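> Here you go, one structure.
The values are calculated or read from the model by the stated rules, or taken from the named source; none is laboratory data. The structure presented is a predicted model; accordingly, all values stated were derived computationally and were not measured. Cβ sites come from the backbone with ideal geometry, for glycine too, and all protein chains shown count toward neighbours.
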Amino acid sequence: MKSLICVFLLLLLALGCSSLQAQWVQTNGPYGGQITSLALGSNGASGTNVFAGTISDGVFFSSDYGTNWTPLNAGLTYRYVHCIAVSGLNLLVGTDDGVILFSSNGTSWNEVDTALTGKPVHSLAVAGTNLFAGTGGGVFLSTDDGSSWTKADYGLKDKGVYALAVSGTELFAGTGYGGVFLSNNNGASWTAVNKGLPYLTSDNTLYECITALAASGANLFAKSYVGGIFLSTNNGTSWSEVNAGLPHLPLDTASHGITALAVSDTNLFAGTERDGLFLSTNNGTSWSSLDSNLAVSCFAVSGTNVFAGTWSSGVFLSTNNGISWSAVNTGLPKRMSPLSFAVSGTNLFAGTERDGVFLSTNNGTSWTAINTGLPHYYVYESIRALAVWGTNLFAGTYSSGGWGPTTGGVFLSTNNGASWIKADSGSLNLGVFCLAVSPESTGGTSLFVGGGTGVYNQCPVYRSTNNGTSWNEADSGMKNTNVDYVAALAVRPDGTGGTNLFAGSYGGGVFLSTNNGKSWTAVNTGLPHYPFGTSDYSVRAFAVSGRNLFAGTQFGGVFLSTNNGTSWSAVRTGLPHDASGYLDISAFAVSGTNLFAGTGGGVFHSTDNGASWSAVNIGLPSNGVSSLAICGTDIFAGIPGCGIWRRPLSEMIATSVTEPKQTPMKFNLSQNYPNPFNPTTEITYQISEVSNVSLKVYDVLGREVKTLVNRKHGPGTYEVRFDASGLASGVYFYRVKAGPYTKTMKLMLLK
């Protein structure tokens, strides 16, 4: 008998563990991640291993030229990899904390740089049995695979070293503000070799920062941070600029934005921040564009095979010297950062930070990049807003990045994102944060865009009535206030045939326009003040449900207005807050009477117009939520740095609640019927007095898997239909709390 009981308990535990299916799951979003470095090495046989360092996920390797990647991170505490080097069968990486070694006979990483100073390690180079490390404190030499190090920078004067290159018996170092240095005695002494390189200062005392070096035979190439690419054919004795045909960064005619260099025989490759990848076959005398969609951060070359690591889209491979490229990312982390969603039928569009726009037609099972015609910034400008009107898809872009004022604009696609055209003719000189479509009572349609220019008190809203062909400024009454930028727009019918347009701003709270943006009035009564000022408000998101308007604030949680913004009341019971008591709301999604809020603490659900909230976060990473959307029967959440996650609405929304037919004399919870069930069952409970009622379902480990009821009830007998379609077979428990009454009962799902 005891044996049977034990077996039964084990069965219940096994079934309970499988209930983890009732949670958020990551969609099969684009693989990639931010690749910081690449290296090639022998796999011990006749093949080649490819190693990739990432910005936050450590090291990955591939033994099949990038077809599949495997993490190599056991014991690697510091996952921000600056550089990779292969020495024989040993792999070394430079991190913020120094040099870490993975030996051919080892199973994990070991720190081997206790004598290094001036970390982080920016560059590594191998010359025979000598290993060199370039750090913020100069160059260090190891002759025993990093077990011990000696400083080797006499003449460098502790300059930060960002690049190292070996050419025969010569060792070159690219420094910050010191140009290029040469050593022909393994770093024992160094000589500046800078004739012809650009100066950083007008008094010719500081040279431009050299962030990459590449050597091929007698040719040495140097990449300066601003000045582009320079060539020396005499070991650095003199340099000449070789930038003809390379693009210039906006607002800076001297800066080419070169991020990476590589040499393969007679081919010289250059990666840029905004304009893709370029090739020169004549030592930089002239350049031609290879692929404008690749924003390259690093290279690795093996014969005609060229690997390119990108800032956010993973690794690409060319087997024909750069003529064509294909993504080789299977197994690399999914690091897309979604910022916005739009839904059109079964099409789900996702706008991302520097990854452009993606489309899924199968609930996230697969995603396709749809970026032809969109502007580049590293990869693409941030897509902060998406909107659909009929067959038109609009994308609002934003970039700042330190190259000047905030910029961006609106782009239009009429073919589900297959191609894009500029929809503002350059007349919108602002970064776009939000879009809204307003059907007017006359039968026309207005498209509104809100954003910022980077100039305080100059926060424009624009209106177009012809799909973005022309725009009119529509922010009278909003300028010269405390507004920094417009973060959210919402349209709600006014009940008399017209529309109310709401603008949520950073610093100025909510504004209302009843005349399509011709004039605006601040409507902030009841909203919280921005904590660093006595009269500033910050609203980041809106949701419209019937006559209810919800505002998500940056620090105060959710607020509700039932009178077009005339007054607001806090509706935030159950929402998370930080140690200072602030509540940060980033996104909303609405399904009937169900309201979902995306916060820094995950996703929360309300069925009573925000009066109370419950967490629905099982399975979500803790990075916070940047965007929400409902498509079909699923809700999607964008998680910064972690891609797009999906959960069936049926796991969180009770199918039906039957209102009471008579007043009971006491509280009671009945056994569900049928039980066992597949996949639906009825749960009945009785309430004898007005109470706040919650009815939740838990797995055998006590984890909440669904909230069926969370609202105030009057006295009566209630029936709730529980749909467990998204759950696995097993034992579950349901618990009702009503005033002082609490009761838990068991149910079993058998599929």
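> Given (1) of a type outside the set (Ser, Thr, Tyr); (2) part of a strand (DSSP E or B); (3) in contact (Cβ under 8 Å) with a residue 40 or more places away in the chain, where does residue 746 come up short, assuming only one miss?
Of the numbered conditions (1) of a type outside the set (Ser, Thr, Tyr); (2) part of a strand (DSSP E or B); (3) in contact (Cβ under 8 Å) with a residue 40 or more places away in the chain, the odd one out for residue 746 is (3).
> If I ask for residues that are β-branched (Val, Ile, Thr) and either modelled with pLDDT of 75 or more or not in a strand (DSSP E or B) (or both), which ones from the stretch 387-411 would you list?
388, 391, 397, 406, 410
> Let me ask you something else. Pairs under 7 Å by beta carbon, first residue of a type in the set (S, T, N, Q) in the stretch 184-197, partner assigned to a loop (DSSP other than H, G, I, E, B), six or more apart or different chains?
184/169; 186/152; 189/154; 189/155; 191/155
> Failed condition for residue 641, given (1) at pLDDT below 85; (2) crowded, with 22+ Cβ neighbours inside 10 Å, with all others met?
Tallying (1) at pLDDT below 85; (2) crowded, with 22+ Cβ neighbours inside 10 Å, residue 641 fails exactly one: (2).
> If you don't mind, there's one more thing I want to ask. Tell me, which residue of the stretch 662-703 that is hydroxyl-bearing (Ser, Thr, Tyr), within 19 Å of residue 731 (Cα to Cα) and under 43 Å from the mean Cα position of the chain (by Cα) is modelled with the highest pLDDT?
Applying the filter and picking the extreme gives 698.
> Among the residues of the stretch 75-86, count how many are in a loop (DSSP other than H, G, I, E, B) and within 25 Å of the chain's Cα centre (by Cα).
Residues in the stretch 75-86 being in a loop (DSSP other than H, G, I, E, B) and within 25 Å of the chain's Cα centre (by Cα): 5 in total.
> Could you please find all residues in the stretch 137-155 being within 39 Å of the chain's Cα centre (by Cα) and aliphatic (A, V, I, L, M)?
Those that are within 39 Å of the chain's Cα centre (by Cα) and aliphatic (A, V, I, L, M): 139, 141.
> Same structure again: For the stretch 474-502, which positions are at pLDDT 80 or above and under 12 Å from residue 438 (Cβ atoms)?
Within the stretch 474-502, 489, 490, 491, 492, 500, 501, 502 meet the criteria.
> Just name the residue that is nearest to residue 327 (Cα to Cα) out of those in the stretch 64-74 that are in a loop (DSSP other than H, G, I, E, B) and in contact with a strand residue (DSSP E or B) (Cβ under 7 Å, 6 or more places away or on another chain).
Out of the qualifying residues, it is 66.
> Please go through the stretch 271-286 and give me each residue that is surrounded by fewer than 22 Cβ atoms within 10 Å (Cβ to Cβ) and of a type in the set (A, V, I, L, M, F, W, C), ordered by number.
The answer is 279, and nothing else.
> Ok, one more. Are there strands (runs of 3 or more DSSP E) fully within the stretch 142-184 with at least 1 residues that are touching a Ser or Thr at 6+ places or on another chain (Cβ under 7 Å) and over 25 Å from residue 110 (Cα atoms)? List them.
Answer list for the stretch 142-184: 170-175, 179-183.
> In addition: Please determine, by comparing only the residues of the stretch 302-324 that are of a type outside the set (Ser, Thr, Tyr) and surrounded by fewer than 21 Cβ atoms within 10 Å (Cβ to Cβ), which one is nearest to residue 367 (Cα to Cα).
Ranking the qualifying residues of the stretch 302-324, first place goes to 317.
> Between a first residue in the stretch 585-613 that is within 17 Å of residue 705 (Cα to Cα) and a second residue that is in a strand (DSSP E or B) and among the basic types (Lys, Arg), which pairs have beta carbons less than 9 Å apart while being 6 or more apart in sequence or on different chains?
603/647; 606/711; 607/711
> Let me ask something else. Would you confirm, using the coordinates I've provided, whether residue 116 is surrounded by 17 or more Cβ atoms within 10 Å (Cβ to Cβ), on the phi < 0 side of the Ramachandran plot and not in a loop (DSSP other than H, G, I, E, B)?
no
> Scan the stretch 503-512 for residues that are modelled with pLDDT under 90 and crowded, with 23+ Cβ neighbours inside 10 Å and jot them down.
Passing the criteria: 505, 508, 509.
> Run residue 719 past the list (1) closer than 24 Å to residue 620 by Cα; (2) among the acidic types (Asp, Glu); (3) surrounded by fewer than 18 Cβ atoms within 10 Å (Cβ to Cβ) and report the number of the one that doesn't hold.
(1)
Table: residues versus (1) at pLDDT 85 or above; (2) under 18 Å from residue 59 (Cβ atoms); (3) assigned to a strand (DSSP E or B).
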| position | (1), (2), (3) |
| --- | --- |
| 289 | yes, no, yes |
| 301 | yes, no, yes |
| 308 | yes, yes, yes |
| 321 | no, no, no |
| 332 | yes, yes, no |
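> Quickly run through the stretch 126-141 and pick out the residues that are among the β-branched types (Val, Ile, Thr), closer than 24 Å to residue 217 by Cβ and part of a strand (DSSP E or B).
126, 139, listed by residue number.
> Select from the stretch 37-53 the residues that are at pLDDT below 90 and in contact with a Ser or Thr (Cβ under 9 Å, 6 or more places away or on another chain) and list them in ascending order.
Matches in the stretch 37-53: 40, 41, 42, 43, 44, 47, 48, 49.
> Among the residues of the stretch 187-213, what is the count of those that are at pLDDT 85 or above, closer than 18 Å to residue 176 by Cβ and of a type in the set (A, V, I, L, M)?
Qualifying residue count, the stretch 187-213: 6.
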